Amino acid sequence: MRYNLTLTEQLLRPLVRADTAILQDSWEVGRLVLAPEYRCGQDLLKHCLFLTLQYLCKTAEVNNLHASCSHVLSRLYRRFGFTVLEKNVLLEGTEKPYTLIHGHPPAVLAALKNENTHGEPAVINS
């Protein structure tokens, strides 16, 4: 998140100084696109996010995670260890409100783990 390419960066820019710790080694959590027949609730999202974040943390320096989403989705992400930074943020020139969220990778990974599998999420079968 240091190249000003993402929506979240555009929304954060007027709210947070560029040199603040919350932006150091930051990555944006983007979109997961699934065919309708594979959309089976939050367990699949949880599993995909866990595997992706686990791999990312092994291969890159990751200290902060950010995302922009609707207010409704922000409630789901809070269950995954994220916190709300700001609500009702408008992209310049639009009237669509976004909620900006932030997470620390260890907290997000811990929230995503399935207690029944000793740290590994349950395998989702389609």
* Asked: Across the range 60-81, which residue is nearest to residue 5 (Cα to Cα) among those that are in contact (Cβ under 8 Å) with a residue 40 or more places away in the chain and hydrophobic (A, V, I, L, M, F, W, C)?
  -> 67
* residue 31 vs. criteria farther than 17 Å from residue 109 by Cα, surrounded by fewer than 12 Cβ atoms within 10 Å (Cβ to Cβ) and in contact with a Leu (Cβ under 9 Å, 6 or more places away or on another chain) -> no
* Which residue pairs have Cβ atoms under 6 Å apart, sit 6 or more places apart or on different chains, and have a first residue in the range 86-112 that is under 23 Å from residue 53 (Cα atoms) and touching a residue at least 12 places away in the same chain (Cβ under 8 Å) and a second that is surrounded by fewer than 17 Cβ atoms within 10 Å (Cβ to Cβ) and charged (D, E, K, R)? -> 99/87; 100/86
* Structure fact -> Flagged pairs (Cβ under 9 angstrom, 6 or more apart or on separate chains; first in the range 34-59, at pLDDT 85 or above; second part of a helix (DSSP H, G or I) and β-branched (Val, Ile, Thr)) are 49/108; 50/108; 53/108
* Which is surrounded by 13 or more Cβ atoms within 10 Å (Cβ to Cβ), part of a strand (DSSP E or B) and not acidic (Asp, Glu), of 62, 89? -> 89
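The values are calculated or read from the model by the stated rules, or taken from the named source; none is laboratory data. Everything numeric here is computed off the predicted structure, so don't read it as measured data. We place every Cβ from the backbone using ideal geometry, glycine too, and count neighbours over all the protein chains shown.
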